[in-house]
Every structure is written in structure tokens, then in C-alpha cells.
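Presented below is the structure to which this report refers.
The values are calculated or read from the model by the stated rules, or taken from the named source; none is laboratory data. This structure is a prediction, so every number in the text was calculated from the model and none was measured. So basically every Cβ, Gly included, is an ideal-geometry build from the backbone, and we count neighbours across all protein chains shown. To get the accessible areas, we keep the full protein, side chains included, count just its heavy atoms, and leave off ligands, DNA and RNA. Shrake-Rupley method; radii C 1.70, N 1.55, O 1.52, S 1.80 Å.
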Amino acid sequence: GATCYLNSLLQTLFMTPELRLGLYDWKYNPLVYEAVEKCIPAQLQRLFVNLQTSDLRAIETDALTKSFGWTGMQAFEQQDVEEMSKILFDALEMKFKDTPQAGLVESLYTGEVEDYVRCKVCGNKSARTDAFTDLKITVRPFGETESITSLEEGLQKYFQPELLEGANQY
């Protein structure tokens, strides 16, 4: 199917040891959760165990995608990795509630950024703090001919202050 976005996300999550260990420590309880075939954390847990213990070069994700409620056709639809990560994180946080893993996903994948405007004349500052789970790093800034060449450069560009002048000011 068209699941390269899902495979990339799963590899990234698998390579986060804190998430993997938290998921391994989580206990599936058939009296509390839906059937194991429909339980996303249980299927993700099984997939991660298979990834860690198998000698195979690739592991099937069918059981996990079925736990999403996907039919065969949905695996052939291109999806958005950002949206998929939110769905997966929401499912994990919901099942981790009232367990030792509560808050794990948020602690690993949520950050805060301060968005502010400061007057160059008087120094007055207006600020607000926003939570984020992803940063939208530009590959080629609008109107520019040169592309960003590294993540570090993209982050520098993302956090670079913008000077408000002319029509682009309050």
C-alpha cells in the first residue's frame, strides 16, 4: 500500500527508547480495553517486539493498521504523517490514562515555544507561550531560490526573529 509515511513514523517511534520501554511496560487488560485486535497500543507493542526480536529485514504492519479500523483500501491511500502521528499519540495517551505510562507521549513529544513581539523603540514586549508537537521546518522559504540544506539551518530559519516594518507591522 501507500504506507511509506506510516513506516517512517513507526521507525522514528521505535528508535525512541523511552517510548519503546514505556510501551513494553504497559499491560493490556482485556477487561478494560477493546479486543486485542482493535487495541492500537497492544498492536504497536507487538510490532515493536517483532522489530526488536526478528531476524527478518521487514515486519508486516497489517495487524496495526487493522487496529486503526482500516480496510484493505485505506492502506492504499496516501495519508499525512503529521495527522497519523496525532492519531497514534491520541490513541496511546487514551490507553495510558491511569497507568504508569500516563503523560509519557506528552513528555516525549510536546514542547513549548514563546511567540512574542517586542517594540524596538520602548522595549515593551507582548508574549504568549504555545505548546507544539511538531515544527513546520521550511525546505525552501517562500520567494527564495535557495533551499534549506540541513535541519540545523531549517531550525535557525524557523527561530529567526522577524522584523516588522512598513506594511508588515502593527
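For this structure, a couple of remarks:
- Index of the failed condition, Gln101 passing every other in (1) polar (S, T, N, Q); (2) part of a helix (DSSP H, G or I); (3) in contact with a Leu (Cβ under 8 Å, 6 or more places away or on another chain): (2)
- Residue check, Thr110 out of contact with any strand residue (DSSP E or B) (no Cβ under 7 Å at 6 or more places or on another chain) and of a type in the set (Val, Ile, Thr): no
- Criterion (surrounded by 11 or more Cβ atoms within 10 Å (Cβ to Cβ), among the acidic types (Asp, Glu), touching a helix residue (DSSP H, G or I) at 6+ places or on another chain (Cβ under 9 Å) and under 30 Å from Pro41 (Cα atoms)) met by exactly one of Glu93, Glu60: Glu93
- Of everything in the stretch 156-170 that is open to solvent by less than 100 Å² (accessible area, probe 1.4 Å) and in a helix (DSSP H, G or I), the residue that is farthest from Glu106 (Cα to Cα) is Lys157.
- Residues in the stretch 114-155 that are open to solvent by less than 80 Å² (accessible area, probe 1.4 Å) and either part of a helix (DSSP H, G or I) or touching a helix residue (DSSP H, G or I) at 6+ places or on another chain (Cβ under 8 Å) (or both): Thr133, Asp134, Leu135, Ile137, Thr138, Pro141, Ile148, Glu153, Gly154, Leu155.
- Qualifying residue in the stretch 27-50 (condition: open to solvent by less than 20 Å² (accessible area, probe 1.4 Å), in a loop (DSSP other than H, G, I, E, B), of a type outside the set (Lys, Arg) and under 29 Å from Leu135 (Cα atoms)): yes
- Extreme residue, farthest from Thr71 (Cα to Cα), among residues of the stretch 1-26 that are assigned to a loop (DSSP other than H, G, I, E, B) and open to solvent by less than 60 Å² (accessible area, probe 1.4 Å): Thr16
- Flag if Ile87 is over 20 Å from the mean Cα position of the chain (by Cα), hydrophobic (A, V, I, L, M, F, W, C) and on the phi < 0 side of the Ramachandran plot: no
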